[in-house]
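Have a look at the structure below, then the notes.
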Amino acid sequence: MTLRLLLALSALLFALPAAAQLSAPEQRMIDTVAAEQQRTLDLLERLVEQNSGTMNHEGVREVGRIMAAEFEAIGFTTQWVEAPGTDRAGHLVARHEGSATGQRLLLIGHLDTVFEPDSPFQSFTIEGDKAIGPGVGDNKGGITVMIAALRAMQAAGTLADANIIAVLTGDEEDAGEPVAAARAVLVAAAEVSDIALDYEGLSRGDDGEDMGSIARRSSSAWTLEVRADSGHSSGVFSEARGYGAIFEAARIIDEYRRVLRLAEPELTFNVGLIAGGEEAALDTDKIRATARGKTNIIAPIALARGDLRAIDQGQIDRTIARMQAITAQSLPGTSASLSFDPVTYPPMAPTAANQALLDRLNMVNADLGLAAMAPLDPMKRGAADISFVAHLVPGINGMGALGEGSHAPGESVDIPALWRQANRAAILMTRLTAEPR
Ligand SMILES: [Zn+2]
């Protein structure tokens, strides 16, 4: 062999690992994502230019119509699901029925943004590698990645047999209440699915590397109500008068801090509002309190509100038990009760099944010549819609766009990352839907 031939062969060998593990349909999907870049950016622009603040119900429905047409063009059936009684626009459900017996996927995204029509930030622009606009990352870039990946599957013939339900909620940024009604459609879809993939934003690590997202903490709120004997302040600490509600509230809250701060590494716990005195009350939204008191009156009432965020149900249960035990040890002349609101977001625990899915995604990464994605610290991200189904199906989040400045004017996404994410998603969905259940 000539030296030139040897060099050519070794160059080929070095080039091979990146693409060697991709099947012909997988390579076809990558080619389709690349060929459709302009189409994908045009779709993103149309989605962003249509305002869909959560309370702009007609705007949310219009984004739903744009997305419904995208799904129908590749063989999905779509349905607009109203959310009666929740004062929200409703949700788009798109179904693809395949003949295969492979894993059934639930894809999650959302149509709404935090930018209502009165926001000054309304239009779509491109600057270099960045697309800028309201909701461009959260979540319009994500649902655009979803469509780009599904179109690639369709072009490569790997969508035909796949069983997929996509649920795009219309109120992710401010879920309607009751939450059970607002998320019923998502839960119902999860009950007939094997795996959930949420197209919320891709997370970055400290060195800018792509991270996997397999866990989200819960979010729930509590109310502490302390009642106490009242009287002239000169008698405070006496057996007859007791300590008053404010000292008791202070004892309880400080004890929560001492115990809970050290109890569990992934737990956070906050007190956000407190009021006490001769009179104290919370408003109906429980975000404002009024209080009145005098320095010489032992306070008969104190109220506090706060939240707790936990990694799994066991941590929530242990935390509630600890808080109740602290609350029950009353100072003389006082009594206290602690109550919990219905959970706003349940936890998505870092289960072995979720980690196994991330391992599958990392096999895709290896075959694409991309670095493996490590699991993101759940302390770094808030709750998400996938949290509502995490107890039903394994899942991963962060399948969507790589954004910056989400929820603020100037929100942007990295355009090349849209193609990277669409390639990952198309190959992962292809492999999962081809696997036996
Ligand atoms: Zn979002």
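Nothing in this text is a laboratory measurement; each read-out follows from the coordinates by a stated rule. Here the structure is a predicted model, which means the values were calculated and not measured. Glycine gets a Cβ as well: all are built from the backbone with ideal geometry, and neighbour counts include every protein chain shown.
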Please state the charge dipole magnitude for the chain, taken about the Cα centre, from unit charges on C-beta atoms (+1 on K and R, -1 on D and E), reported in debye and rounded to the nearest 20. 860
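Please list 144-153, 388-397, 29-38 highest first by mean number of surrounding beta-carbon atoms within 10 Å per residue.
Working: 144-153: 27.9, 388-397: 22.7, 29-38: 17.1.
Put in order of decreasing packing, that is 144-153, 388-397, 29-38.
Calculate the FRET efficiency for residue 434 and residue 362 from the Cβ-Cβ distance with a Förster distance of 25 Å, rounded to the nearest 0.05. Walk me through the intermediate numbers first.
On the way: r = 18 Å, r/R0 = 0.72.
Efficiency, rounded to the nearest 0.05: 0.90.
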Burial order of peptide ranges 354-365, 106-117 (average beta-carbon count within 10 Å, highest first): 106-117, 354-365
Here FRET efficiency (C-beta to C-beta, residue 37 to residue 287, R₀ 51 Å, nearest 0.05) is 0.70
Lys/Arg Cβ at +1, Asp/Glu Cβ at -1, dipole of the stretch 220-340 taken about the Cα centre: which of 295, 223, 310 is farthest positive-ward? 295
Rounded to the nearest 10 degrees, what's the angle between the helix 24-35 long axis and the longest principal axis of the chain, both from Cα atoms, 0 to 90? 80
Using 0.36 nm times the number of residues separating residue 87 and residue 181, minus their current alpha carbon distance, what extension gain do you get? 32.7 nm
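Rounded to whole Å and sorted largest first, what semi-axes of the equivalent ellipsoid does the C-alpha gyration tensor of the stretch 84-170 yield via the square root of 5 times each eigenvalue? If you can, show how the numbers build up before the last one.
On the way: eigenvalues 172, 77, 10 Å².
Value: 29, 20, 7 Å, ordered largest first.
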In nm, spacing of pseudo-spin labels at residue 174 and residue 341 (7 Å Cα→C-beta vector): 1.4
Cross-link candidates for residue 380: which lysines have Cα within less than 17 Å, leaving aside residues fewer than 8 places away along the same chain? none
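Based on the Cα gyration tensor of the stretch 220-340, what are the three equivalent ellipsoid semi-axes, each the root of five times an eigenvalue, rounded to whole Å and given largest first?
On the way: eigenvalues 151, 53, 19 Å².
The equivalent ellipsoid of the stretch 220-340 has semi-axes of 27, 16, 10 Å.
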Taking 7 Å along the Cα-to-C-beta vector as the label spot, tell me the residue 266-residue 352 distance in nanometres, rounded to one decimal. 1.6
Base-10 log of normalised Debye intensity for the stretch 319-435 (one unit scatterer per alpha-carbon) at q = 0.15, 0.16, 0.22 Å⁻¹: -0.84, -0.92, -1.38
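Between residue 329 and residue 297, what's the calculated FRET efficiency when r is the beta-carbon distance and R0 is 30 Å? Round to 0.05. Before the final figure, lay out each step's value.
Numbers: r = 25 Å, r/R0 = 0.82.
Calculated transfer efficiency: 0.75.
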List every residue whose amide H lies under 5 Å from the amide H of residue 297, counting only residues 5 or more places away in sequence or on a different chain, with H placed 1.01 Å from N in the peptide plane. 233
Rounded to one decimal in Å, the inverse mean reciprocal Cα-Cα distance for the stretch 121-182, i.e. its Kirkwood radius, is 14.4
Sequence-distant residues sharing a close amide H with residue 53 (under 5 Å, placed H): 113
Along the charge dipole of the chain, which of 330, 348, 434 sits closest to the positive end, that is, farthest toward it, with unit charges on the beta carbon of Lys, Arg, Asp and Glu (+1, +1, -1, -1)? 330
Helix 57-72 axis, angle to the chain major axis (alpha carbon atoms, nearest 10°): 30
So the pair-distance distribution of the chain, from every Cα-Cα distance in 10 Å bins, comes to percents of 4, 19, 26, 21, 13, 9, 5, 2, 1, 0, 0
Hey, for a label at residue 279 modelled as a point 7 Å past Cα toward Cβ, could you say which residues of the stretch 220-240 have their backbone N under 18 Å away? 226-228, 230-231
For residue 74, distant residues with modelled amide H under 5 Å away: none
So what J values fall out for the stretch 270-277 if you push phi through Karplus, 6.51 cos²θ - 1.76 cosθ + 1.60 with θ = phi - 60°, rounded to Hz, Gly and Pro as x? 10, 10, x, 7, 8, 8, x, x
